[in-house]
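*Asks:* First the structure, which I've put down as structure tokens, then a few questions once you've had a look.
Just so it is clear, none of the values below were taken in a lab; they were calculated from the coordinates. Just so we're clear, the structure is a prediction, and the values are computed from it rather than from any experiment. We place every Cβ from the backbone using ideal geometry, glycine too, and count neighbours over all the protein chains shown.
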Amino acid sequence: MTDTPHEDESAPATMHGCPVTDSRGQVVIHLGRDRYLEVMRVLVDEGFAMCVDLTAVDYLDYMDRSLPAGVEPERFEVVVNLLDIGQRRRIRARVQVSETDAVLPSLFDLHPGTEAMEREVFDMFGISFSDHPDPSRILMPEDWIGHPLRKDYEVGSIPVQFKGAPT
Amino acid sequence: MTMIADEGAQELRPRSELTAREVMREVGAVLRLSEAEAAKLGDLPEDPDEDQTMVINMGPSHPSTHGVLRLMLELQGETVLRCKPIIGYLHTGMEKTGEQLTFMQGGTNVTRMDYASPLNNELVFSMATEKLLGIDGDIPERAQWMRMLLSELNRMSSHLLFMATNGMDLGAVSMMIYGWREREEVLRFFQKVTGLRMNHNFVRPGGLAADLPAGWRDDVLRILDMLPERLEEYDILMTGQPIWRERLQGVGVITPAEALALGATGPILRSTGVEWDLRRDQPYLRYDEVEFDVVVGTYGDAFDRYAIRLAEIRESMRIVRQILDRMPEGDYRIQDKKVTPPPRARIDESMEALIHHFKIFTEGFKVPEGEVYVAIESPRGEIGCYIASDGSPTPYRMHVRAPSFVNIQCLPHMMRGGLVADAVAVISSVDPVLGEVDR
């Protein structure tokens, strides 16, 4: 299957001082906001030069998920998938983001391709990215209220709003 | 100049409000510059005055935008100075919908994202689900090879659609009809196998929905025998033709470093000479057992991207021929009662089978806790599926990494400084599917 090459069984459970777990054979590194940019930069130097995906999960209803010791669960997690084309391996970073202060530094300077993805995460989850060159919504209309992929955003029908329609 | 803005901050900002950082976004592919360097880039040689430029909207509904893509172009005469894609017109919250549907039903949702290659979408979703279930190593051989057959035929139909739309966008209108004619042959086969031309929901967690119908081999062979001749016609009509080359060569150029930085995958990345094809480099299914070449370009221009897709049709045909030779007998889905509904015949004679059938289709099956990201090579690049499961029958979070969504970030860079007539060629060469961009 699409497995990344397995880390050795003897692989240390930490990488750059951050806990590393194995999720169905995939390498996952757990980060907090304080070390996010720093570790991302180190990973680029290690060869993970391509950021293929950046998304988020709202764990509001599932706070008791399993995390390695030392990682404090927060409501949001930003998930970054990195790819090392040279060595054909992948790594995934799960970054805990708190509900009260949902801000992360932008990866734009490191990976310009995350620009649209960070906008999407902001649009869908309300997590802002500081120093992002264009912090606007991307999929929803600019004046939309709420962030649809949050778990407390109900599913249901909403009357279609037309801009400038006569009322 | 004032703009009548109705998407607010999502729109292209007037030149007077440009910051260096904003310029960096627009030339995002110009790598890791300092703001000062980016600001310098912002001063184009013409150093245009605001009243010499014009902002026009291309789209959202323009025949060459392949759906509802809106591009705001700042033009000076016929030169594109800046460009910003504005998306979201087709956003239907499919990732949110994916959280309401069970793993069993999820296929119907993801298949509608990239509607030009639905089977690849289903495949990546099914593979992610199987990985969470821990059954990814137990999928029967025949199911694997059938998946490969469908995936490759889908790649062919998707690239044939590209041939059609690319021709149409550049004025080779007969090409549009030819491309669709050939694609229709492939879709007819899909219809015979899955019952539908598109949005099949045929690849399911655990295997496939049904076995191949009688006579499938002859149908595939008919397609394989028909296509080479037609592809040669394409070569005569387009590849070697001076007008076609003039329109595409040197247009929308992107360098390998820029493509990598922007996260571009698929034919865009390969057109720059980077050999990266997940089928070969991180093989899934049985791609490590078939022979094929990864086609790469040299210049990273629109012509390379066209030529790569044309060559990939031929490579896919090569793979399909090998699949025909090697298609094993056996089961087309895993015989794991947890994920596989009982056969129809059993339902009439066994109460347990009836209950099982009812349960699996109403409640679905529970998937162990965990999270995975699985990526495969779709015709447009890396399509990935990230699923987080909380142990219930519905995904806690289902995210699809859509190749088109990432790839259209290349547009502003490819168009910068080009002609507005080339803009159409550039959009077309990126081959975005807006259903997937907006999801």
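*Asks:* Return the distance in nm (one decimal) between the two label points of a simple spin-label model at B:Y299 and A:Q87, each offset 7 Å from Cα along Cα→Cβ.
*Replies:* Between B:Y299 and A:Q87, the simple spin-label model gives 3.7 nm.
*Asks:* Between the helical axis of B:216-234 and the dominant principal axis of chain B, each derived from Cα atoms, what acute angle in degrees is found, rounded to the nearest 10?
*Replies:* 20
*Asks:* While we're here: Using a Gaussian network model of chain B whose springs link C-alpha atoms within less than 10 Å, name the residue from B:D218, B:D114, B:D348 with the highest mean-square fluctuation.
*Replies:* Highest fluctuation of the listed residues: B:D348.
*Asks:* What is the fewest-to-most order of B:S378, A:S130, B:S428 by other Cβ atoms lying within 10 Å of their Cβ?
*Replies:* Least to most surrounded, the residues fall as A:S130, B:S428, B:S378.
*Asks:* Mind checking the angle between helix A:114-125 and chain A's longest principal axis? C-alpha axes, 0 to 90 degrees, to the nearest 10.
*Replies:* Approximately 60 degrees, to the nearest 10.
*Asks:* Kindly list the residues of the range B:388-408 that lie in the label zone of B:E363, defined by a backbone N under 18 Å from the point 7 Å along the Cα-to-C-beta vector.
*Replies:* B:390-396
*Asks:* Going Cα to Cα from B:K84, which lysines come in below 30 Å? Please leave out same-chain ones fewer than 8 positions away.
*Replies:* A:K163, B:K40, B:K96
*Asks:* Turning to a different aspect of this structure: Along the Cα-to-C-beta direction of B:R286, a point sits 7 Å from the Cα; which residues of the range B:189-203 have their amide N less than 18 Å from that point?
*Replies:* B:203
*Asks:* With axes computed from alpha carbons, what is the tilt in degrees of helix A:33-45 against the longest principal axis of chain A, rounded to the nearest 10 within 0 to 90?
*Replies:* Approximately 60 degrees, to the nearest ten.
*Asks:* Compute log10 of I(q)/I(0) for the range A:95-167 with the Debye formula, placing one identical point scatterer on every Cα and leaving out solvent, at q = 0.12 Å⁻¹, to two decimals.
*Replies:* -0.39
*Asks:* Fewest first, what order do B:Y373, B:Y306 take by the number of other Cβ atoms within 10 Å?
*Replies:* Placing the least packed residue first, the sequence is B:Y373, B:Y306.
*Asks:* Moving on to the next point. Among the lysines, which fall within straight-line cross-link reach of B:K192, defined as a Cα-Cα distance under 30 Å, with same-chain neighbours fewer than 8 residues apart omitted?
*Replies:* B:K131, B:K337, B:K338, B:K359
*Asks:* Let me ask you something else. Using Cα pairs closer than 8 Å and at least 6 residues apart in sequence, work out the relative contact order for the range A:21-167, in percent.
*Replies:* Rounded, it is 22 percent for the range A:21-167.
*Asks:* Further question: With each label point set 7 Å from Cα along the Cα-Cβ vector, what nm distance links B:R318 and B:E184?
*Replies:* 3.1
*Asks:* Compute the relative contact order of chain B as a whole-number percentage, counting only Cα pairs closer than 8 Å that sit 6 or more residues apart in sequence.
*Replies:* Reported relative contact order: 24 percent.
*Asks:* Projected onto the charge dipole of the protein assembly as shown (+1 at Lys/Arg Cβ, -1 at Asp/Glu Cβ, origin at the Cα centre), which of B:I268, B:P118, B:A302 gives the Cα projection farthest towards the positive end?
*Replies:* B:P118
*Asks:* So for B:E233, B:E291, B:E182, fewest C-beta neighbours within 10 Å to most, what's the order?
*Replies:* Ordered by Cβ neighbours within 10 Å, fewest first: B:E291, B:E233, B:E182.
*Asks:* Assuming a ≥ b ≥ c are the square roots of the Cα gyration tensor eigenvalues, decide whether the range B:64-197 counts as rounded (a/c under 1.5), prolate (otherwise, with a/b larger than b/c) or oblate.
*Replies:* Oblate, since a/c reaches 1.5 and b/c is not below a/b.
*Asks:* Given labels modelled 7 Å from the Cα in the Cβ direction, how far is it in nm from A:D143 to A:E99?
*Replies:* Output for this residue pair reads 3.0 nm.
*Asks:* Once fully extended, how much extra length lies between A:V160 and A:S66, figured as 0.36 nm per residue of separation less the alpha-carbon to alpha-carbon distance?
*Replies:* Length gained, A:V160 through A:S66: 29.9 nm.
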